[in-house]
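A short reminder: the numbers here are calculations on the coordinates, not readings from a lab. Computed from a predicted structure; not experimentally measured. Positions of Cβ are backbone-derived with ideal geometry, glycine not excepted, and every protein chain shown enters the neighbour counts.
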Amino acid sequence: MNTTRKRFFILTGDPGVGKTTLTKKLTSSIIEKGVKASGFYTEEVRRNGVREGFDVVSLDGQRGRLARDQSLLGGPVKFKVGKYGVLVDEFEKIGLASLNQAADQNSLLVIDEIGKMEFFSEPFKKRIREVFSGTSSHVILASIPVRRSDNLIEGIRNHSLAKVWLVTRENRNQLHDEIMKEIASLLAVSS
Ligand SMILES: Nc1ncnc2c1ncn2[C@@H]1O[C@H](COP(=O)(O)OP(=O)(O)OP(=O)(O)O)[C@@H](O)[C@H]1O
């Protein structure tokens, strides 16, 4: 693989705009081409229309709790984002572990998302620094929040190997084909 070609595909956009949905569609399309993929998604958890929190789901199908409304967690909560308590241990067991299993060269690493909740995990931050150091040969599909200016996230956004797409309600249905073309060309599979 050409080592200077952009291979960090980054989605950003407002909360709820469709980054996870797009990431899932792209990942399925890429796996269908026979490319190996690992990593995780974060998914909203709703009950009777009310958001209770978020789950972390690895590409190999394991699911854990990333965060829950604090009222649902008995006892004191160490890590909080708004009304949610973040379950760092559960995130590490599923999300971080899925990045550590990352397969060989030319495989896809899915990281949805790199945000405030996930950053309560120091080992996750360390792993993120490693995978974006440019020394591994993974193709990365990741999402980052649009409004957060953390040094590590800014470093990813401005990385010479990164290409960033702003996902909006207007473009979210077109982006799949555009991004798929780039990833397919990089991995030498048909789009
Ligand atoms: N292309 C689409 N067409 C119709 N509905 C969509 C589309 N993409 C996402 N949605 C809906 O919008 C909601 C939020 O989508 P999604 O979870 O993918 O957003 P997100 O940007 O990942 O959110 P978050 O910032 O919370 O991670 C979901 O209910 C999903 O079904």
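Odds and ends about this structure:
- The chain - percent relative contact order, Cα under 8 Å, separation 6 or more: 32 percent
- Debye intensity ratio in log₁₀ form over the Cα atoms of region 109-189, taken at each q of 0.13, 0.14, 0.15, 0.25 Å⁻¹: -0.45, -0.52, -0.60, -1.40
- Note on the chain: antiparallel DSSP beta bridges, both residues inside, total approximately 50 percent of the bridges counted.
- Computed over region 14-66, Kirkwood Rh from alpha-carbon pairs, angstrom: 12.2 Å
- Extent along principal axes [Cα atoms of the chain; Å; largest to smallest]: 51, 34, 31
- Once the chain from residue 151 to residue 36 is taken as fully extended at 0.36 nm per residue, the excess over their C-alpha distance is 38.4 nm.
- 68, 129 arranged by Cβ crowding within 10 Å, fewest neighbours leading: 129, 68
- Cα-based shape type of region 45-103, given that a ≥ b ≥ c are square roots of the gyration tensor eigenvalues and the cut on a/c is 1.5: oblate
- Of 150, 55, the sequence from fewest to most neighbouring Cβ atoms within 10 angstrom is 150, 55.
- Inter-part distance where region 74-151 and region 44-67 are each reduced to a Cα centre, Å: 15 Å
- Size of electric dipole in the chain: Cβ of Lys, Arg +1 and of Asp, Glu -1, about Cα centre, debye, nearest 20: 240 debye
- Annotation: lysines with alpha-carbon distance below 28 angstrom to residue 93 (same-chain offsets under eight excluded): 19, 24, 25, 36, 78, 80, 83, 116, 125, 126.
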